[in-house]
Amino acid sequence: MVSIENESRLASTVGRETALACIRAGIEAARPDRVVADAVGLDDDRLRVGDATYDLSGVTRIVVVGGGKAADGVASALEAVLGDRIDAGAVVTPEPGEGDRIERLRGDHPVPSRAGVEGTDRVRELVADADEGTLVLAVITGGGSALLPAPAEGITLDALGSTTDALLDAGAEIGDLNAVRKHLSTLKGGGLAELAAPARVVSLVFSDVVGNDLSVIASGPTAPDGSTYADALDALERYDVDPPAAVRERLERGAAGDLPETPGPGDSVFDRTHNHVLADAFTAIDAAREVAADRGYGTCVLSSSVRGEAREAALTHVAVAEEVGATGNPVEAPAVVLSGGETTATVRGDGVGGPNAEFALAAAVELPASTTLACVDTDGRDGSSDFAGALVDADTVDDVAAARRALANSDAFGYLRDREAVVDTGATGTNVNDLRVVVVE
């Protein structure tokens, strides 16, 4: 059960209580134990994953590998379904638990660490032993890009980390960030599928990516890569990132054709690879919508794919709330307007912020009366901060000038924390991107 640790203090009005109930339901719906129990089943020698069925009668070995913020929960759920049919396994995750058949190894996010490299080495070791009779169940969840680091030859972990850090600070969108990481790594960009061939690979995917692009989720270890070395160089240029010399040298060598590209669409390494998206942003949105409807609110899903600068997207949501109150469009009040996706927050100062904190504070400056906004990252961590997001209304900002200074200094969390407006869930064990709830009474 997801616990909002400061809920009693936050839920001071009906609108606030409704927003928190929607947030909790959305996160709960995306938790691995619920998702895997619904999507994965075993009947004798037939394994069901989503709408597909796999015959296990000819399988000599089942290996579970992967990583990400939800990997520990997925591993536990798979152990509950498959039991001793699992021969070996290893997943890398930020807060590893204990497993019976699958090793749980620690990694770090959002910047990769030595611990993550060591855990990934174990994943590679298990996959490298796979043969045609092996079924590899690949656990691919949000955060896997940083948690499964396997630097390419000539690239140090420090070089990979500093490049990642610089792109994050520049507000790089996930596709651009991953185009760079794929070409500095060995497992990303289809590398896991390539290493596992000719085994059958069945991927269980929890998407934290707008549009569920398999090549972007966790940098696409089991998906064809449409990006190139030239795309990676272009991303560094557009975000004005000057990487370590070894990084630039590798990308330039690749762009010149001196290094092989990552496996792309049509490559034979994917002939026995099957990817299944089991949960995504809409999983959380749909559960939140059901809670709102049960409470008597009209509902509207604005989009599950909101992206761009957080403070700009926030103003669009404020405009929708104003329209609901003024004209009843796109839904009559009382109403709950929902959205998902992933915004970015370009670092402009030295404060403590995060996309959801910036979204909440920028919205709070403009929110009309009788309107409440809750926005969280479903993994319980807003950017690199230790809180999920924030809950605000028209009364949150008591000093507009101070709020604008906080935004200018990338210190939205500092401002909201002082006003007891942050939402604290702790790590939730899942990750399907951001969830936003606008309640208009």
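Backbone geometry of region 335-343 corresponds, through the Karplus equation with coefficients 6.51, -1.76 and 1.60 at θ = phi - 60°, to 3J(HN,Hα) couplings of 9, 10, 9, 10, 8, x, x, 8, 8 Hz, x marking Gly and Pro.
Across region 177-293, the mean sequence separation of Cα contacts (distance under 8 Å, 6 or more residues apart), normalised by length, yields a relative contact order of 39 percent. In plain terms, the chain from ASP165 to GLU153 could stretch by 2.3 nm, reckoned as 0.36 nm per residue minus the Cα-Cα distance. Legend: calculated FRET efficiency, ARG404 to SER57, from the Cβ-Cβ distance at R0 = 45 Å, rounded to 0.05, equals 0.10.
Computed over the Cα atoms of the chain, the ratio of the radius of gyration to the Kirkwood radius (Rg/Rh) comes to 0.99. Going by the alpha-carbon gyration tensor, a ≥ b ≥ c the square roots of its eigenvalues, is region 43-123 rounded (a/c under 1.5) or, if a/c is not under 1.5, prolate (a/b greater than b/c) versus oblate? Judged from the Cα gyration tensor, region 43-123 comes out prolate (a/c at least 1.5, a/b above b/c). In order along region 346-357, phi translates into HN-Hα couplings of 6, 6, 10, x, 10, x, 10, x, x, x, 6, 5 Hz, rounded to whole numbers, per the Karplus curve 6.51 cos²θ - 1.76 cosθ + 1.60 with θ = phi - 60° and x for Gly and Pro. The phi-based Karplus calculation (6.51 cos²θ - 1.76 cosθ + 1.60; θ = phi - 60°) puts the 3J(HN,Hα) values of region 108-119 at 10, 8, x, 9, x, 10, 4, 4, x, 4, 5, x Hz, whole numbers, x for Gly and Pro. Taking the charge dipole of region 119-232 about its Cα centre, with +1 at Lys and Arg Cβ atoms and -1 at Asp and Glu Cβ atoms, the residue from ALA197, PRO224, VAL136 reaching farthest to the positive side is VAL136. Over what distance in Å are the Cα centres of region 416-434 and region 42-75 separated? Taking the Cα centre of region 42-75 as reference, the centre of region 416-434 is 32 Å away. Taken along the Cα-to-beta-carbon direction at a fixed 7 Å, the label points for VAL347 and ASN329 span 4.2 nm.
Compute the Cα gyration tensor for region 1-148, then decide on rounded, prolate or oblate, letting a ≥ b ≥ c be the square roots of its eigenvalues: rounded whenever a/c is under 1.5, prolate when a/b is larger than b/c in the other cases, and oblate in all that remain.
On the way: a/c = 3.04, a/b = 1.56, b/c = 1.95.
Oblate.
Report, in debye and to the nearest 20, how large the dipole of region 97-161 comes out about its Cα centre when Lys and Arg carry +1 and Asp and Glu carry -1 on their Cβ. Walk me through the numbers on the way to the answer.
Numbers: 6 positive and 12 negative charges, 54 e Å.
Dipole size: approximately 260 debye.
So what is the relative contact order for the chain, in percent, with contacts set as C-alpha pairs under 8 Å and at least six apart? List each step's numbers first, then the result.
Values: 1092 pairs, mean separation 76.8, N = 441.
Here the relative contact order equals 17 percent.
With the charge dipole of region 1-84 set up from +1 on Lys and Arg Cβ and -1 on Asp and Glu Cβ about the Cα centre, the Cα lying farthest toward the positive end among the listed residues LEU47, ALA70, GLY58 is that of ALA70.
What is region 194-255's relative contact order, in percent, from Cα pairs under 8 angstrom and six or more apart in sequence? If you can, show how the numbers build up before the last one.
Details: 29 pairs, mean separation 15.4, N = 62.
Here the relative contact order equals 25 percent.
Per residue, the accessible area of the chain comes to 38 Å², computed with a 1.4 Å probe over protein heavy atoms only.
Take the Cα of GLU249, step 7 Å along the line toward its Cβ, and report every residue of region 130-166 whose backbone nitrogen sits under 20 Å from that point. Zone members listed by number: 150-164.
Classify region 153-293: rounded, prolate or oblate, from the alpha-carbon gyration tensor (a ≥ b ≥ c, eigenvalue square roots; a/c under 1.5 rounded; otherwise prolate if a/b is larger than b/c)?
Numbers: a/c = 2.55, a/b = 1.32, b/c = 1.94.
It is oblate, given that a/c is not under 1.5 and a/b is not larger than b/c.
Here's how it looks for VAL306: its modeled amide H is under 5 Å from those of GLY340, GLY341, GLU342, which are all 5 or more places away or on a different chain. Each Lys and Arg contributes +1 and each Asp and Glu -1, all at the Cβ; summed about the Cα centre of region 17-136, the dipole is approximately 400 debye. Within region 108-199, what whole-number % of the accessible surface is contributed by carbon and sulfur, with the 1.4 Å probe and all protein chains included in the calculation? It is 45 percent, rounded to a whole number. Distances between placed amide hydrogens fall under 5 Å for VAL301 paired with LEU338, all partners being 5 or more residues away or on another chain. The charge dipole of region 175-254, taken about its Cα centre with unit charges on the Cβ atoms of Lys, Arg (+1), Asp and Glu (-1) only, comes to about 360 debye. Share of carbon and sulfur in the accessible area of region 9-98 stands at 41%, probe radius 1.4 Å.
Database remark: amide H of LEU42 closer than 5 angstrom to the amide H of ARG48 (H placed geometrically; neighbours at sequence offset of 5 or more, or on other chains; Pro and chain starts carry no H). In region 262-394, the portion of solvent-accessible area held by carbon and sulfur atoms comes to 45 percent [1.4 Å probe, whole percent, DNA, RNA and ligands not counted]. For the peptides 430-439, 4-13, 308-317, the ranking by packing is 430-439, 308-317, 4-13, with the highest mean count of neighbouring Cβ atoms within 10 Å listed first.
Quick one: in region 301-441, what % of C-alpha pairs are over 25 Å apart? So the portion of pairs separated by more than 25 Å is 19 percent.
The values are calculated or read from the model by the stated rules, or taken from the named source; none is laboratory data. Remember, predicted model here, so these are calculated numbers, not experimental data. Positions of Cβ are backbone-derived with ideal geometry, glycine not excepted, and every protein chain shown enters the neighbour counts. Surface areas here come from the heavy atoms of the whole protein model, side chains and all, with no ligands, DNA or RNA. Shrake-Rupley method; radii C 1.70, N 1.55, O 1.52, S 1.80 Å.
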